[in-house]
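*Asks:* Take a look at the following structure, please.
The values are calculated or read from the model by the stated rules, or taken from the named source; none is laboratory data. What you see is a predicted model; the values in this text were computed from it and never measured. Here the Cβ positions follow ideal geometry from the backbone for every residue, glycine too, while neighbour counts run over all protein chains shown.
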Amino acid sequence: MSALRAVFIYEWKRSLTFGRMIWWLIMAGFPCLITALLIWIQSTESPIPLDQRDSIWSMIYYITVPCVCTAMSVLLTAGPAIASELEQRSWVYLATRPHGIFYLLLGKYAVAVTWGFTAALAGLSLAVLLCNAESKMQIWDAMARLSLLSALGYAAVFLFLGALFPRRAMVFCVMYTAVVEVVLGAFPALINRITVQYRLRSLLVQWVPLSDDVKNSPAMEYAIGQGSPMAHTFWLLLLTLIFLVAAIAVARLKEFTAASESDL
């Protein structure tokens, strides 16, 4: 644990760059911006009906916080985790240390989760404070838990993709999110059961005050599961563990080279 803590502290301090902090502020401000725009539209056109406010705000915050803010925040750290070490030519040194790769990836994973969750929590807290929903605390509590699960899941997925394709990690992470999580995750097939989005949506409908029209809509029929929140949380954490173990296994078994293409 001392080695993991040392790696986490080192990677956390190294990630405190001006560009990273600006990105954190942009991600944290995204749900606040959407909230302000929606409030302005309500004031100039027509307000949201009282019986639909909780449903609409819940869906908006689900899209902007766990899906966009959290996923995009962890992408910047987890995706290029191995590529950054290869570029700095420190991979050989880490690979020769006892359990060096194991602690390195776990430390970078923890930093990615921390960046993603704190950005989501900060943006969510201010956005919920500004909105006119009736069940603010219930919405905040549900979105905070979904954001944590989203950070854990997506950080593991992006770390795995970064281990498979270190030179094009960001490209493959974006492609995976668009094709698998967004497109295939909404298909009525077995593949959507192994996506992060499927589990998050299934928890969403059970944790937030959605109207019956939204819950019983055709779009939700195959997009969510019928199990208990504990079951969906278990499967999501299991999926996270599988991707994390796979990332560490690939990093340990794959023969990376620190040489640039011009050196070959």
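*Asks:* Among the numbered criteria (1) in a helix (DSSP H, G or I); (2) surrounded by 17 or more Cβ atoms within 10 Å (Cβ to Cβ); (3) in contact with an Asp or Glu (Cβ under 9 Å, 6 or more places away or on another chain), which single criterion is violated by residue 127?
*Replies:* Looking at each condition in turn, residue 127 falls short on (3).
*Asks:* Restricting attention to region 201-234, and to residues there that are farther than 20 Å from residue 57 by Cα, among the hydroxyl-bearing types (Ser, Thr, Tyr) and surrounded by 13 or more Cβ atoms within 10 Å (Cβ to Cβ), which single residue is modelled with the lowest pLDDT?
*Replies:* 222
*Asks:* Here's something else I'd like to know. Over 17 Å from the mean Cα position of the chain (by Cα) and either assigned to a helix (DSSP H, G or I) or at pLDDT 80 or above (or both): does that describe residue 162?
*Replies:* So residue 162 does not fit the description; no.
*Asks:* If you don't mind, there's one more thing I want to ask. Taking region 165-200, which residues are touching a residue at least 12 places away in the same chain (Cβ under 8 Å), surrounded by fewer than 16 Cβ atoms within 10 Å (Cβ to Cβ) and not in a helix (DSSP H, G or I)?
*Replies:* Answer for region 165-200, where residues must be touching a residue at least 12 places away in the same chain (Cβ under 8 Å), surrounded by fewer than 16 Cβ atoms within 10 Å (Cβ to Cβ) and not in a helix (DSSP H, G or I): 187, 188.
*Asks:* Does residue 145 satisfy the criteria of being out of contact with any helix residue (DSSP H, G or I) (no Cβ under 8 Å at 6 or more places or on another chain), assigned to a helix (DSSP H, G or I), of a type in the set (Lys, Arg) and surrounded by fewer than 17 Cβ atoms within 10 Å (Cβ to Cβ)?
*Replies:* Values: out of contact with any helix residue (DSSP H, G or I) (no Cβ under 8 Å at 6 or more places or on another chain): no; assigned to a helix (DSSP H, G or I): yes; of a type in the set (Lys, Arg): yes; surrounded by fewer than 17 Cβ atoms within 10 Å (Cβ to Cβ): yes.
The answer is no for residue 145.
*Asks:* Show the residue pairs meeting these rules: Cβ distance below 6 Å; 6+ apart or different chains; first residue within region 113-137 and of a type in the set (Phe, Trp, Tyr); second residue assigned to a helix (DSSP H, G or I) and surrounded by fewer than 24 Cβ atoms within 10 Å (Cβ to Cβ).
*Replies:* 117/148
*Asks:* Under the condition of being more than 22 Å from residue 172 (Cβ to Cβ) and modelled with pLDDT under 85, which residue from region 55-92 is surrounded by the most Cβ atoms within 10 Å (Cβ to Cβ)? Write out each step before concluding.
*Replies:* So in region 55-92, the residues more than 22 Å from residue 172 (Cβ to Cβ) come out as 55-65, 89-90, 92.
Checking the rest, the ones that are also modelled with pLDDT under 85 come to 89-90, 92.
Working: 89: 11, 90: 14, 92: 12.
Looking at the filtered set, the residue picked out is 90.
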